[in-house]
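What follows is one structure encoded as structure tokens, with my remarks underneath.
Please treat every number below as a calculation from the coordinates, not as lab data. Computed from a predicted model, the values in this text were never measured in an experiment. With ideal geometry, Cβ positions are generated from the backbone for all residues, glycine too; neighbour counts draw on all protein chains shown.
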Amino acid sequence: MSLYTPGRRRAILLLLLSSLLILTVDLRGNAILDGLRAGYNQAMRPFESAAEVIARPVRNAWRGITQYDDLENENQLLREEIQGQEANNIVSMAIIAQYYELLAYYNLESPGSYDRVMAYVVGQTPNNIDQVIEINVGTNDGIREGMSVISPSGLVGKITDADPDRSRVMLITDARYGVQVKVVRPEPIETTTTTTTTIAGAPPASVVDTSASTTSTTIAGATTLPATTTTLPDPQRETGQLEGRGPSEAPVVIFVADTPSFGPPAVGDIVSTSGGRLSLAPADIPIGEVIEVRPGSPAEGLVVVVQPYATLDDLEFVQVILYTPERESGANTPSTQPD
Amino acid sequence: MFASLVQGPLPRLALVGVMLVALQQTLFVDLRPAAVTIQIVLALAAAAGAAAGPQKGALAGFVLGMMYDLRAGTPLGSSSLSMGVGGFVAGYALSITVDPQWWLAMIFTGIGAAVGETMVPVVRSFIGEEGHFTPRLFTVVPVVSAAAMILSPVFVPVGRWCMRVKKVDWSKVKAP
């Protein structure tokens, strides 16, 4: 049987060239192909709903078989962690409240200044390369390309494609992802705890003494709670570019200079978005913690490996910050102004 | 022209492709042995190649890849290219024998799927994306290939039906 007749060769060559042509046209951006994609996605919905009916019991059985032991261990660990974090949470809430007071006092922006849209994760990319999820909000909800997506733990990714009622989110671990970040060295918070008696139901009191950088916070509750005296940290910082490295590797920060005032980044430093006019994300969204620092190529400088705070492989609910970076929104679309 | 389009393999491929893309998008994003997403659409493209030859395998890969790209949001044409190559390579089974036995078709489906999956980062590199060649590829390709081999006893007949190729009934073939 002849495999290489001229006719067959021509047909295969035609398919190859067609693929390359479509690929080139799509990469350059084409309204017809975008419309085709949106229409096809819409047409696929009933089929996917039907497939979901089949998928659900099979998925549950699969998870039951493969994840039961992990789930039990994780449950136990989480219980212990929650107990340990309850006390920290109370102190943290007081510090966050003071932080926002200071931001308001100095008229500064924060991620909390922007409106957010809650979204449910309805799918993820079916291939083994991209790190993309699909959420159930779209342009009808005010979502635009480039907006940052966060979870309660930190930055998750950015919107790369928005349909009327669905959007795709590129995760920070995707090899194509990049965002300007700052590496901040948290200074230890000096906390002294004294026991005071407070009246149940009274509103929390918070006194900020900016001149001395010292705050005294008393939190009211039904029982006696510790009062904390906290010295606000004055962290030093360094900026760089966070880049994803694919599904099995942690993202890294490159272009970090070894500046004398900050010193080289160290394990335990905190990485958050740096914000700014050209950044994809507003400032101060926490991303993760430095787990490794190694020298890169001369062009890269130091390479800082970051463990994201957000658990990216098990996302269910996320929030989209309605902040459009000027770089992606274009000159005609104004950025969402902070409240 | 319209008649040849309707009577050709495209309607059947589109029908089966829609179902497989829907399953790929729902069920198989969760069933991930060794944290690898099984590629059932690629498996069908390779199986069609093993059942119907390199030309029809490439055509099946092109059509199924296009449907996959439209839904997955990947650059349109990238999966057509990788799946087309996968289907083409799997079609080599027919260069060894006119009517490959099930296990031979299984092997060639596996090879086609492995080549197709390997082509994904290659194609992405051509369009300027970096960072896809990682050691994880050594896990992904064997798992995708093994899954395609396991699915091939079902997918090869389906591929044959899609491409309108009839299995040779040797009892009816007369000796010259």
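Sequence neighbours fewer than 8 away in the same chain don't count; with that in mind, list the lysines whose C-alpha is under 21 Å from B:Lys167.
Partners found: B:Lys56.
If R₀ is 41 angstrom, what is the calculated FRET efficiency for the pair B:Lys167 and A:Ser248, using the beta carbon separation as r and rounding to 0.05? Spell out each step's value before the answer.
Working: r = 42 Å, r/R0 = 1.02.
The formula returns an efficiency of 0.45 here.
Count charges around B:Ser78 for me, please; just the other residues with Cβ under 10 Å from its Cβ, Lys/Arg as +1, Asp/Glu as -1. Working shown, then result.
On the way: positive: B:Arg124; negative: A:Asp26, B:Asp69, B:Glu129.
Counting the neighbours of B:Ser78, the net charge comes to -2.
Ignore the peptide's own chain and count Cβ atoms of other chains within 10 Å of each Cβ in B:137-148; give me the average, rounded. Before the final figure, lay out the partial values.
Numbers: counts 3, 0, 2, 5, 1, 0, 1, 2, 0, 0, 0, 0.
Per-residue shielding by partner chains comes out at 1.
Using only atoms on other chains, find how many Cβ atoms lie within 10 Å of each Cβ of peptide B:130-136 and report the average. Before the final figure, lay out each step's value.
Numbers: counts 3, 10, 6, 2, 7, 3, 6.
Taking all residues of B:130-136 together, the mean is 5.
To the nearest 20 debye, what is the magnitude of the charge dipole of the stretch A:8-85 about its Cα centre, counting +1 on the Cβ of each Lys and Arg and -1 on the Cβ of each Asp and Glu? Don't skip to the end; give the middle numbers.
Working: 10 positive and 10 negative charges, 193 e Å.
Dipole of the stretch A:8-85, to the nearest 20 debye: 920 debye.
Choose one of A:Ile12, A:Leu23, A:Leu77: the residue whose Cα lies farthest towards the positive end of the charge dipole of the stretch A:8-85 (beta-carbon charges +1 Lys, Arg; -1 Asp, Glu; about the Cα centre).
A:Ile12
What distance in nm separates the simple spin-label points at A:Val267 and A:Ala38, each placed 7 Å from Cα in the Cβ direction?
Going from the A:Val267 label point to the A:Ala38 one covers 5.0 nm.
Give me the net charge for the shell around B:Pro135: Cβ to Cβ below 14 angstrom, other residues only, Lys and Arg +1, Asp and Glu -1. Intermediate results must be reported in sequence, preceding the final value.
On the way: positive: A:Arg245, B:Arg136; negative: A:Glu249.
Around B:Pro135, the charge tally is +1.
In Å, what Kirkwood hydrodynamic radius results for the stretch B:2-166 from the alpha-carbon pair distances? Intermediate values should be presented prior to the final figure.
Numbers: mean 1/r = 0.0655 Å⁻¹.
Across the stretch B:2-166, the inverse of the average 1/r is 15.3 Å.
Separation between the A:Gln307 and A:Leu102 pseudo-spin-labels, each 7 Å from Cα along Cα→Cβ, expressed in nm?
For the pair A:Gln307/A:Leu102, the computed spacing is 2.7 nm.
Say each of A:Ala31 and A:Tyr68 gets a label point 7 Å from the Cα, pointing the same way as Cα to Cβ; how far apart are those two points in nm?
5.7 nm
Could you calculate the FRET efficiency of A:Arg277 with A:Glu300 from 1/(1 + (r/R0)^6), where r is the beta carbon distance between them and R0 is 25 Å, rounded to 0.05? Write out the running numbers ahead of the final one.
Numbers: r = 24 Å, r/R0 = 0.98.
Rounded to the nearest 0.05, the efficiency is 0.55.
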